[in-house]
Amino acid sequence: MLGFEMGVLRRRQPNVRRLQRARDLEGLAQALEYREIVSDRDGRHIDRGARVRGEVVEVLAEWQDPRAVEALVRGLRDHTSYVRLKAIEAVRGRRDDRVLEALAEGVGALPAIPDAGALRGQLHSLDPVRAKALDALVELGDPRAPQRIAAHMVYRAGDQPLTETDESAFRAALAAVPDGAGPQLSASFAALLGHERPEVRGRAQAVLRWIGPASVEPLIAALRQPRLRGLAIAPLGELGDARAVQPLL
């Protein structure tokens, strides 16, 4: 049996049910900050406060008060997968722009620090949290879902390239949006071919390939710009569209 030593305890554990009975929204929002960090004998840190924060999210899910949305969005960005999953269920049906953006972040961005609920550190897999966030976003019918998700993928921290599971998630969002691969979507990522971060440029190339034929014209336009030309050539070649033959020649 593991023995635990207390680490950081920020304050007394909130009484979530009492706050619920008092209809104390401010108190519940503050409870989402509660952390109780303990260390096991191997030195691993565990946040036992996640259970409290999950309980808060469940309570807030029953509230239609618009002020509860901001607190639920914080739950969507919690550092533990346990709370994030609770929050995804809590925001279903809430078509608020803050919710949509946080869900897209949950699909496109990756947790800065993996927790015990992640898939053994396999952060590039479409793990249950990312899959649930994608389902909720598609269910809400956000026409900007592909744009939001791709932006979080492209600007992701670190220098790792995008993966096949990233592509699957993006394509699923794209398929759910009629005319989701319009010129505006393609043009916005073609512009990122000139970004100062090389990993952002490489990820933008990947997204343009995923978008498909709608990327051809913006990429042809990029060929006319000397600083973008080199990065536009490869995705145009991979797309194999006849419109690109003459410009490439």
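The values are calculated or read from the model by the stated rules, or taken from the named source; none is laboratory data. Small disclaimer: the values here were computed from a predicted structure and weren't measured. No Cβ is skipped: glycine too gets one built from the backbone with ideal geometry, and neighbour counts run over all protein chains shown. Keep in mind that these areas ignore ligands, DNA and RNA; they rest on the heavy atoms of the full protein, side chains included. Shrake-Rupley method; radii C 1.70, N 1.55, O 1.52, S 1.80 Å.
Table for the structure above
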| read-out | value |
| --- | --- |
| Flag for Arg130 being open to solvent by less than 70 Å² (accessible area, probe 1.4 Å), among the basic types (Lys, Arg) and more than 12 Å from the chain's Cα centre (by Cα) | no |
| Count - residues of the stretch 234-247 that are open to solvent by less than 80 Å² (accessible area, probe 1.4 Å) and in contact with a helix residue (DSSP H, G or I) (Cβ under 8 Å, 6 or more places away or on another chain) | 8 |
| Test: residue in the stretch 163-172 that is open to solvent by 40 Å² or more (accessible area, probe 1.4 Å), more than 19 Å from the chain's Cα centre (by Cα) and either farther than 18 Å from Gln225 by Cβ or at pLDDT below 95 (or both) | no |
| Residue within the stretch 143-157 that is touching a residue at least 12 places away in the same chain (Cβ under 8 Å), of a type in the set (Val, Ile, Thr), open to solvent by less than 30 Å² (accessible area, probe 1.4 Å) and within 27 Å of Lys86 (Cβ to Cβ) present | yes |
| The stretch 38-71 - residue that is more than 16 Å from Arg23 (Cβ to Cβ) and part of a loop (DSSP other than H, G, I, E, B) and, of those, most open to solvent (accessible area, probe 1.4 Å) | Arg41 |
| Residue satisfying all of: in the stretch 192-210; without any contact (Cβ under 8 Å) to a residue 40 or more places away in the chain and either out of contact with any Pro (no Cβ under 8 Å at 6 or more places or on another chain) or not in a helix (DSSP H, G or I) (or both); surrounded by the fewest Cβ atoms within 10 Å (Cβ to Cβ) among these | Glu196 |
| Residue list for the stretch 78-95, filter: assigned to a loop (DSSP other than H, G, I, E, B) and modelled with pLDDT of 95 or more | Val91 |
| Which numbered condition Leu249 misses (of (1) free of Cβ contacts under 8 Å to residues at least 12 places away in the same chain; (2) under 18 Å from the mean Cα position of the chain (by Cα)) | (2) |
| Which numbered condition Asp142 misses (of (1) in contact with a Leu (Cβ under 7 Å, 6 or more places away or on another chain); (2) part of a helix (DSSP H, G or I); (3) of a type outside the set (Lys, Arg)) | (2) |
| Residues (in contact with a Leu (Cβ under 8 Å, 6 or more places away or on another chain) and either surrounded by 16 or more Cβ atoms within 10 Å (Cβ to Cβ) or at pLDDT below 90 (or both)) located in the stretch 211-230 | Ile211, Ala214, Ser215, Val216, Pro218, Leu219, Ile220, Ala222, Leu223, Leu228, Arg229 |
| Residue that is modelled with the highest pLDDT, among those in the stretch 96-113 that are over 13 Å from the mean Cα position of the chain (by Cα) and open to solvent by 70 Å² or more (accessible area, probe 1.4 Å) | Asp97 |
